[in-house]
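The values are calculated or read from the model by the stated rules, or taken from the named source; none is laboratory data. Nothing here was measured: the structure is a model prediction, and the numbers come from that model. We place every Cβ from the backbone using ideal geometry, glycine too, and count neighbours over all the protein chains shown.
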Amino acid sequence: MLAMVAERGRLRSGWGCLLVATAGWLVSGGCQPSDPATVPVIRATTAGPAEPGAIELSEPRAHFGPDDVLQFEVKYRFTSGGPTNFYCAEVQFPGSESFGVKYMEGWELKPEGTLRDGLILQSPDVEDFEIRVTEAFLPQDGYKPISNVVRGKVEPRSFPVAAEAD
């Protein structure tokens with residue numbers, strides 16, 4: 001609250017100081033700069049990859065875990081570019097309608113490592129699989145292949161499959 005002081009019969013308040021300060025601000029031009037040419041311009045830009053990405057895949061493996069989840073893994077290494085965009089590991093099973101994808105962002109990847117994930121398939125009677133990696137600057141622009149295609153055999157189950165009850 002503004003303090004009020006009685007001085008020689010007059011009542012003074014902080015309102016007078018506030019009015020003088022506001023008037024000075026308005027006379028000086030307020031928030032408007034005096035010279036529009038000195039206003040800094042800020043532009044948003046997006047940076048694309050310095051060079052196109054390329055990944056080398058190796059050592060694919062796949063096996064069924066509990067509950068018929070197919071666990072897959074593949075080693076990867078960026079041979080050019082780096083993990084800066086959006087990526088998709090596509091897993092296909094020749095001779096089957098089953099397929100799977102693993103979407104990733106650049107921050108999730110290193111220059112080299114191992115991709116691992118699990119898939120629940122429509123038909124768990126698959127024997128062969130293929131994996132490739134695709135890349136997109138933005139997901140809505142579509143993904144383009146940037147890796148070799150690696151193929152492998154699904155490892156046999158190491159535990160008995162539960163029989164379904166009728």
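Is it true that Tyr76 is closer than 30 Å to Thr134 by Cβ, under 20 Å from the mean Cα position of the chain (by Cα), surrounded by 14 or more Cβ atoms within 10 Å (Cβ to Cβ) and at pLDDT 90 or above? Judged against the criteria, Tyr76 is a match. Just one of the numbered conditions (1) under 12 Å from Ile55 (Cα atoms); (2) loosely packed, with under 13 Cβ neighbours inside 10 Å is not true of Gln122: (1).
If the condition is being in contact with a helix residue (DSSP H, G or I) (Cβ under 8 Å, 6 or more places away or on another chain) and in contact (Cβ under 8 Å) with a residue 40 or more places away in the chain, then the stretch 72-108 contributes Asn85, Phe86, Tyr87. Number of residues in the stretch 87-99 that are modelled with pLDDT of 95 or more and assigned to a strand (DSSP E or B) equals 6.
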